[in-house]
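This report refers to the structure that appears directly beneath it.
Please treat every number below as a calculation from the coordinates, not as lab data. Note that the structure is predicted; figures quoted are calculated from it, not measured. Ideal geometry is used to build each Cβ from the backbone, glycine not excepted, and the neighbour counts take in all protein chains shown.
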Amino acid sequence: MVVVLLSGSINHINAQATKANVPTLKLNNGMEMPQLGIGTFAISYADAKMACLEAFRNGFRHVDCATAYRVEGAVGEAMKESGIPREEFFITSKLWVSDYADGKTLQSIDTILKRFQTDYIDLLYIHQPIGDYINAWKEMEKAVASGKVRALGISNFDASDERFHAIVDSMQIKPVALQIECHPYAQRNDIREKVKPYGIIIECWYPLGHGDEGLLSDPVIKTIADAHGKSIVQIILRWHIQEGFSVIPGSKNPAHIRENINIFDFALSDEEMTTMRSLNKDKRFFNMTLEQLDRMASRRF
Ligand SMILES: NC(=O)c1ccc[n+]([C@@H]2O[C@H](COP(=O)([O-])OP(=O)(O)OC[C@H]3O[C@@H](n4cnc5c(N)ncnc54)[C@H](OP(=O)(O)O)[C@@H]3O)[C@@H](O)[C@H]2O)c1
């Protein structure tokens, strides 16, 4: 094993130790995205930086972020301190509603770039299908043209069929990904079918049910976990990977972060995948109607 150390950079990461065999997904614009990433929702700035550094040390290169999480700066600091070349990372953010259109979008993208300490964002999502999302998307397309953003995605556009089609069928640049809540208790079969003709991948938020105790102690998953000598969480993440999703579990616990990437040395059998699929009960852990989302349009970050 080759250990690369740069003087003065104690966090510099051993390049050999970080491959971790994370597969990539080919996006509909030709880019490759590491299938597993780390999420950064609902954690403090300090925890987000620590979690990213621990994740990078163990092979994660994909980070899911958003302006609304207020930790883009922490991700940027962790990328810089890691000493890992920028091109190894796949960094996403999500444009918040108060930054949609009206002359604000391009300026907000520049602010995100500053916080990430980088000159491009790999994938920029539009966070919610509310407000002036159409003109925001057109501005995001300009950021792609200028090289500041490499791919565009839609987040939570499962909330409205009309708004989904307004982007997917009518805009010049098609989304590469749709980010939605998805886990074994809500497997989202309808929306998965809907994105197929467009070659849009599904990226799962709340992939562990946001830590739901019932899901993380499910007896059926426990039986599969015991058969593989793995944890329930590892089986859930492995199921996501074998379903072809991109998956972005969040954690501020270093042991959990290491556990969450240790899923590429085994596989679930067809029978086990069938058993996992049988757990679907369309149970969402985050429920918000389009009307409630529309009311969020005035929130500022
Ligand atoms: N687009 C959107 O609107 C949207 C909405 C929500 C989330 N997201 C994105 O999706 C990401 C994932 O969602 P999430 O973080 O809310 O929920 P999640 O990944 O489903 O679950 C996170 C919870 O699981 C626990 N956990 C993680 N690994 C574990 C392990 N190995 N063993 C036991 N517990 C474990 C974490 O606790 P510990 O910290 O103790 O490990 C945390 O409480 C977010 O971070 C964010 O990037 C996007």
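Would you mind telling me which residue in ALA48, ALA267, ALA78 has the biggest mean-square fluctuation in a Gaussian network model of the chain, where springs connect alpha carbons within a distance under 10 angstrom?
ALA267
Which percent, nearest 5, of DSSP beta bridges in the chain are antiparallel? Could you put the intermediate results ahead of the total?
Values: 4 of 29 bridges.
Once the DSSP bridges in the chain are tallied, antiparallel ones form about 15 percent.
Pick from LEU178, LEU113, LEU268: which residue has the top mean-square fluctuation in a GNM of the chain where Cα pairs under 10 Å get a spring?
Maximum among the listed residues: LEU268.
I'd like the antiparallel share, as a percent to the nearest 5, of DSSP beta bridges with both residues in the range 58-197.
5
Hey, with R₀ at 51 Å, roughly what FRET efficiency would ILE134 and ALA227 work out to, going by the Cβ-Cβ distance, to 0.05? Numbers along the way, then the final one.
Working: r = 49 Å, r/R0 = 0.97.
Once rounded, the FRET efficiency stands at 0.55.
Any idea how far apart LYS281 and HIS210 come out in nm if each label point goes 7 Å out from Cα toward Cβ?
Simple spin-label model gives 1.8 nm for this pair.
Using a 10 angstrom cutoff on alpha carbons, build the Gaussian network for the chain and name the most mobile of SER251, SER155, SER217.
SER217
Fewest to most neighbouring Cβ within 10 Å: what's the order for ASP110, ASP132, ASP64?
Values: ASP110 12, ASP132 16, ASP64 27.
Ranking ASP110, ASP132, ASP64 by Cβ neighbours within 10 Å, fewest first, gives ASP110, ASP132, ASP64.
What 222 nm value per residue comes from the helices of the chain, counting each DSSP H run with n ≥ 4 as -39,500 (n - 2.57) and dividing by all residues, nearest 500 deg cm²/dmol?
About -10500 deg cm²/dmol.
If you average the alpha carbon positions of the range 130-188 and of the range 216-281, how far apart do those two centres end up, in angstrom?
28
How much length is gained if the chain between ALA145 and HIS165 is pulled fully straight, taking 0.36 nm per residue apart and subtracting their Cα-Cα distance, in nm to one decimal?
Stretched fully, the ALA145-HIS165 segment lengthens by 5.0 nm.
If we count other beta carbons within 10 Å of each Cβ, what is the order of VAL22, VAL149, fewest first?
Details: VAL22 18, VAL149 23.
Listed from fewest to most nearby Cβ atoms, that is VAL22, VAL149.
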